[in-house]
Structures are given as C-alpha cells and as structure tokens.
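Step one of this worksheet: look at the structure below.
The values are calculated or read from the model by the stated rules, or taken from the named source; none is laboratory data. Keep in mind that what you see is a predicted model, and the values were worked out from it rather than measured. As a convention, Cβ positions derive from the backbone with ideal geometry for all residues, glycine included, and neighbour counts pool all protein chains shown. The accessibility values were calculated without ligands, DNA or RNA, using every heavy atom of the protein model including side chains. Shrake-Rupley method; radii C 1.70, N 1.55, O 1.52, S 1.80 Å.
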Amino acid sequence: RVTQSMLSNNFLKNISNSYEKMGKISEQMQTQKKITRPSDDPVVAMKGIAYRTNLTEVQQFKRNFTEAHNWIDNSDAAMDHATKALQRIRELTLQANNGTLEGDQRNAAAKEIEQLRDQLKEIANSKVGDKYIFNGTDTLTAPVGDVTGADPETAQNDKPVKLELAKGVYIQVNSSGKEVFSKDLFKNLNSLIEKLSPDKTSVDLGEDISNLDDSINTLLNERATIGARSNRLELMEDRIDQQEVTATKLMSDNEDADMEKVIMDLITQESVQRASLGMGARIIQPTLLDFLR
C-alpha cells in the first residue's frame, strides 16, 4: 500500500537530488571547470595532475631558455669586444714591425696596448648579475687577476655550465675562458709591450703577430661555436613553445567545462525542477487546515 507519507518522503528525496544537481551545474558555470574537487571525477582529477605537472615542467624549460640566452648573448658580446681589441693590437704591432713607428710613437703604441691588455682582462672578468661567465662552474671567482707581471694571475675553471632545456637534454651555455683568455695571451702581450720600448727598434715582431693571429682565430672559433649553440637554442625554443600550447590545450580540454552544454543542462534542470514542484503540489493531499482557511 502506497501511503501519503511515502509519497511525501519520495517527493522530498527527489527534490533534494534535483537541487543537488542544480547546485553542481551552477558551480560548473561559476568556476568554468568540470570538477572542483577530486571526488567529483577521480579520472579527470588524476589526468589534471599529470597535465599540470607537464605544463609546469615546460614553463620551467622556458625560464631556462631565458637564462641560456643571457649567458650566450653576453658571452658573444664580450668576445666581440675582445676580438676588436686584439685586432687593434695586431694593427699597432704590424706598424711597429714595418718600421713606421719611431721613438715616442712606439712608446705611445706600447701604452695603448697596455690599455687594451687591461681591457681584455676586464672582458675576461665579465659578469652577468653576480656570475663570472668565463670561469666555468666557479661563477663567484674572477678568472683573471693581475696581468702586469711576468706570470699573470689566472684561476680559470673550464668545467662546462649546462642547463636542461628539454626533458633530459642539457646544453652548454658558457664559453671556455681558460682557452680564450689564457695565461699565454697575457704573457705574450706583456712581452710585446717590452719589445715596443724605444730602444728595441730592431727587434722582430713576427712571432708576436703570429701569436695574435692564433688568439684572434681562437676567439673567432669560439664565437662560431656560440653561434651554432644559439641557432640550436632557437630551434629548441620553438619546439618548447609548441609543447606549452599543446600542454595548455590538453589541460583545458580535461578540466574546463563546456559552457554551452552547462547552460543547456541548467535550463533543462530548471524545467525539471519546476515540473517536479508542480507535480508535488498536486500529489500531496490537502490537510484539514486547508479546508479551515
């Protein structure tokens, strides 16, 4: 036997379920997400964790690319200035070796080369932020110290600095200061300065010119290596940008609510709710109080 209380209890239970569905749809519309807690859909929640981890990883790689470009661009700019300084030293050395410089002119050339030598020291000790970029992994120590003596002070570290720019892919971003700004470079410059004294006009500077050519070639080869790394960085960065777009899309497809569908579900649920309330008003029998009004 179906009693009035059974009808009422079933009606209230179904109305409560209907309100619960309405609340969930309203929450989806407000947050624009399919779920707001893992219990709503554990599969979507687990996939979301994986997609977010992947996206976070890709975004970290993008930050690493910024750091890599910083190292490479500053290294290339520094070596460009070093190349120009060495070319100027070579020009002065050629003039002195050809006999076109005399007396005070040779002394002036020696003074200029001294300044250029000191400039090369400053370039070798270039910093980006608080890091020395030509001292390998020992970024807190200046690679070149006093260069005026017979034995220039150098404490160069040639260990490569590598950054992870893709999953398991590490790229070297520094240049070897030990090779480019070697102790022999400053020794040769000091020897050249001595040979340019006014009383040594007959000294042949052919060996010094050869040493300068070797140093310039070393710089040019290192700059070519940097250029190749820079080109590779650009290609890898394009790929990482595409991976970020893909990871963002996957996460969005997994978590974001389809607003058109949510609106349709809301309209449908509203109609069901109204119909349920109307039917409830009909099936619940009137009480004695209704007749006493």
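Below are the figures for this structure:
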item: Which listed residue, of V203, V180, is aliphatic (A, V, I, L, M) and free of Cβ contacts under 8 Å to residues at least 24 places away in the same chain; result: V203
item: Flag if G23 is free of Cβ contacts under 8 Å to residues at least 24 places away in the same chain and either over 30 Å from F134 (Cα atoms) or among the basic types (K, R) (or both); result: yes
item: In segment 157-216, residue farthest from Q115 (Cα to Cα) [restricted to those that are open to solvent by less than 20 Å² (accessible area, probe 1.4 Å) and touching a strand residue (DSSP E or B) at 6+ places or on another chain (Cβ under 9 Å)]; result: L165
item: Boolean, L163 is hydrophobic (A, V, I, L, M, F, W, C), closer than 19 Å to D138 by Cβ and either touching a residue at least 12 places away in the same chain (Cβ under 8 Å) or in a helix (DSSP H, G or I) (or both); result: yes
item: Checking K167 against (1) in contact with a helix residue (DSSP H, G or I) (Cβ under 8 Å, 6 or more places away or on another chain); (2) under 24 Å from I216 (Cβ atoms); (3) among the basic types (K, R), the condition it does not meet; result: (2)
item: Set D258, D253, D241: member being over 30 Å from L116 (Cβ atoms), touching a helix residue (DSSP H, G or I) at 6+ places or on another chain (Cβ under 8 Å) and open to solvent by 50 Å² or more (accessible area, probe 1.4 Å); result: D241
item: Residue in segment 63-99 that is surrounded by the most Cβ atoms within 10 Å (Cβ to Cβ), counting only those that are polar (S, T, N, Q) and more than 24 Å from the chain's Cα centre (by Cα); result: T93
item: Per-region count, segment 139-153, residues within 20 Å of Q115 (Cβ to Cβ) and open to solvent by 40 Å² or more (accessible area, probe 1.4 Å); result: 4
item: Hey, D130 under 30 Å from K62 (Cα atoms), of a type in the set (D, E) and out of contact with any Gly (no Cβ under 9 Å at 6 or more places or on another chain) or not; result: yes
item: Total residues in segment 1-49, condition of a type in the set (G, A, S), farther than 21 Å from E270 by Cα and open to solvent by 60 Å² or more (accessible area, probe 1.4 Å); result: 2
item: Residues of segment 126-147 satisfying the condition of being in a loop (DSSP other than H, G, I, E, B), touching a Phe, Trp or Tyr at 6+ places or on another chain (Cβ under 9 Å) and either modelled with pLDDT of 95 or more or farther than 16 Å from M79 by Cβ (or both); result: D138, T139, L140, T141, A142, V147
item: Residues located in segment 26-69, provided they are part of a loop (DSSP other than H, G, I, E, B) and in contact (Cβ under 8 Å) with a residue 40 or more places away in the chain; result: Q32, K34, I35
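This table checks each residue for (1) of a type outside the set (A, V, I, L, M); (2) within 27 Å of the chain's Cα centre (by Cα).
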site: T225; (1), (2): yes, yes
site: R229; (1), (2): yes, yes
site: E260; (1), (2): yes, no
site: D265; (1), (2): yes, no
site: V272; (1), (2): no, no
